[in-house]
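Asks: Just dropping this structure here.
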Amino acid sequence: MQTRKLGPFEVSAIGLGCMNLSHAYGAPVSAAQGERVLLAALDAGVTLFDTAALYGFGANETLVGQVLSRHRSRFTLASKCGMTGVDVAGDGKLVRVIDGRPEAIRASCEASLKRLQTDVIDLYYLHRWDKQVPVEDSVGALAELVAAGKIRTIGLSEVSAATLRKAHAVHPVTAVQTEYSLWTRNPEIAVLEACRELGVAFVAFSPVGRGFLGGNLQDVNTLDAKDIRRNMPRFSPENYAENLQLLPSYLAIAKEAGCTPAQLALAWLLHTGKHIIPIPGTTRLEHLQDNLGALNVKLGADAMDRLEILVNEKTVTGKRYNAQGNSEVDTETF
Ligand SMILES: NC(=O)c1ccc[n+]([C@@H]2O[C@H](COP(=O)([O-])OP(=O)(O)OC[C@H]3O[C@@H](n4cnc5c(N)ncnc54)[C@H](OP(=O)(O)O)[C@@H]3O)[C@@H](O)[C@H]2O)c1
């Protein structure tokens, strides 16, 4: 297995995003299927597993804990706090809340540790910077968790280069996790460079473009009613129809490179920077194997150039998040 450096850890160059086993793209998979995917990833040499307190409001961490805790020494475990399910109305119904207050972070960590059935989380991200709380305070709370031995390292998600620098001054940041793929280039404005300069790893989430770059999502009307992509502008039927126009040329480049569409998306990321670690998510064993096959794909300068020109912020139609989602992130946007 090829590896990349993630702070003090040496992890598989492609990790596994566990989110969609419990959350986001329709109904959660069965516990048996979740177990099959997680164990197959471990057996295939994946050593970075990514979850969050948010996913399935704890259900994803519970699944990861149940299946992987007995193999704990074999992988780097990443989870996230600062955006969780909270019973706001007191009626037992959990709603998604961003809360970066130190006391919320401490409570979230205790709950994560319990669900994950572990004594320590290797990399604990602030899932979103809570704009009501100075990032220094949230990172200060994470630094205390490091000192207490409850987490090993600190990460941030969806932050700007400026916020990364402020946080890094409080405590070294090990990784920034942000959406990055051919069709989401925001990190290229400043975050990728800031990470390189500070020695911070960059973990690319949604590296297969939430399915678009996998090439087989042709009709967004088939998405589950609860699929979060239904609220994302570039997946609206009108915008997606425009985006599908990019696919034939994209598929042609994949064919020339001798790889599948998803492998092309992942290989592009791996070739873009040595500090980039993609974490594709899948519910299927065949896609898991397919994604890991990207490690063997070699892209020449010509293919890289053609991809850059073909799929980028100017050629993609529709923003990645709706107004609410945009207001919650701190990334520079095109
Ligand atoms: N920090 C954050 O705010 C944040 C936000 C979103 C995600 N994440 C993390 O990033 C991980 C990955 O992101 P993601 O799941 O949103 O996006 P992704 O990996 O870009 O795409 C997942 C989608 O692509 C499909 N897919 C995966 N491999 C494929 C292949 N080889 N061929 C064709 N289709 C394929 C999957 O369907 P199948 O199930 O059918 O394979 C799924 O619908 C998550 O699990 C989570 O850990 C973090």
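The values are calculated or read from the model by the stated rules, or taken from the named source; none is laboratory data. For clarity, every value in this text was computed on a predicted model and none was experimentally measured. Cβ placement follows ideal geometry from the backbone for every residue including glycine, while neighbour counts extend to all protein chains displayed. Surface areas here come from the heavy atoms of the whole protein model, side chains and all, with no ligands, DNA or RNA. Shrake-Rupley method; radii C 1.70, N 1.55, O 1.52, S 1.80 Å.
Asks: In whole angstrom, how far apart do the alpha carbon centroids of region 310-329 and region 148-213 sit?
Replies: 17 Å
Asks: When the chain is treated as a GNM, springs tying every alpha-carbon pair under 10 Å, which of 272, 51, 282 comes out with the largest mean-square fluctuation?
Replies: In this elastic network of the chain, the residue with the biggest mean-square fluctuation among 272, 51, 282 is 272.
Asks: Under a 1.4 Å probe, what is the accessible area of the chain per residue, stated in Å²?
Replies: Numbers: 13560 Å² over 334 residues.
Counting only protein heavy atoms, the per-residue value for the chain is 41 Å².
Asks: For the chain, with all protein chains present and a 1.4 Å probe, just round the carbon and sulfur fraction of the accessible area to a whole percent.
Replies: 52 percent
Asks: Quote the FRET efficiency, to the nearest 0.05, computed for residue 166 versus residue 32 with a Förster distance R0 of 56 Å and r equal to the Cβ-Cβ distance.
Replies: On the way: r = 44 Å, r/R0 = 0.79.
That pair, residue 166 with residue 32, gives E of 0.80.
Asks: Sticking with this structure for a sec: Have a look at the DSSP beta bridges in the chain and tell me what percent are antiparallel, nearest 5.
Replies: If I count the DSSP bridges inside the chain, around 25 percent turn out antiparallel.
Asks: Subtract the Cα-Cα distance of residue 3 and residue 296 from 0.36 nm times their separation in residues, and report this length gain in nm to one decimal. Numbers along the way, then the final one.
Replies: Numbers: separation 293, 0.36 × 293 = 105.48 nm, distance 1.27 nm.
Additional length available on full extension: 104.2 nm.
Asks: A further question on this structure: Please give me, ordered by residue number, the trypsin sites (Lys or Arg not before Pro) of region 1-108 that lie in loop per DSSP and have at most 10 other Cβ atoms within 10 Å.
Replies: Details: sites: 4, 5, 36, 70, 72, 74, 80, 93, 96, 106; in loops: 93.
Filter output for region 1-108: 93.
Asks: Just want the answer: with Cβ charges of +1 for Lys and Arg and -1 for Asp and Glu, which residue in 206, 251, 66 is farthest toward the dipole's positive end in the chain?
Replies: Going by the charge dipole, the pick is 66.
Asks: Rounded, prolate or oblate: pick one for the chain, where a ≥ b ≥ c are the square roots of the eigenvalues of its C-alpha gyration tensor, a/c under 1.5 means rounded, and failing that, prolate if a/b is larger than b/c, else oblate. Mind dumping the intermediate values first?
Replies: Numbers: a/c = 1.36, a/b = 1.36, b/c = 1.00.
Rounded, since a/c falls under 1.5.
Asks: Size of the dipole of region 50-193 about the Cα centre, Lys and Arg at +1 and Asp and Glu at -1 on the beta carbon, nothing else charged, in debye to 20? Write down the numbers at each step before the final one.
Replies: On the way: 17 positive and 17 negative charges, 65 e Å.
About 320 debye.
Asks: Can you figure out the FRET efficiency of residue 274 with residue 88, using R₀ = 51 Å and their beta-carbon distance, to the nearest 0.05?
Replies: So, using R0 = 51 Å, E works out to roughly 0.75.
Asks: Go ahead and set up a Gaussian network model of the chain, Cα springs under 10 Å, then flag whichever of 242, 144, 256 fluctuates most.
Replies: 256
Asks: For a Förster distance of 41 Å, can you work out the FRET efficiency between the beta-carbons of residue 96 and residue 74, rounded to the nearest 0.05? Could the numbers behind the result be given before it?
Replies: Numbers: r = 32 Å, r/R0 = 0.77.
Once rounded, the FRET efficiency stands at 0.85.
Asks: Which of 24, 100, 149 sits closest to the plus end of the dipole of the chain, meaning its Cα is farthest towards the positive end, when Lys and Arg get +1 and Asp and Glu get -1 on the C-beta?
Replies: Going by the Cα projections, it comes out as 149.
Asks: Please state the charge dipole magnitude for the chain, taken about the Cα centre, from unit charges on C-beta atoms (+1 on K and R, -1 on D and E), reported in debye and rounded to the nearest 20. List each step's numbers first, then the result.
Replies: Working: 34 positive and 36 negative charges, 81 e Å.
Dipole about the Cα centre, nearest 20: 380 debye.
Asks: Another question about this same structure. How much length, in nm to one decimal, is gained on full extension between residue 106 and residue 323, taken as 0.36 nm per residue of separation minus their Cα-Cα distance?
Replies: Details: separation 217, 0.36 × 217 = 78.12 nm, distance 2.96 nm.
Stretched out fully, the residue 106 to residue 323 stretch lengthens by 75.2 nm.
Asks: Which part of region 279-321 falls in the paramagnetic zone of residue 44, meaning amide N under 11 Å from the point 7 Å along Cα-to-beta-carbon?
Replies: Once the point is set 7 Å along Cα→Cβ of residue 44, 280-295 turn out to lie under 11 Å by backbone N, inside region 279-321.
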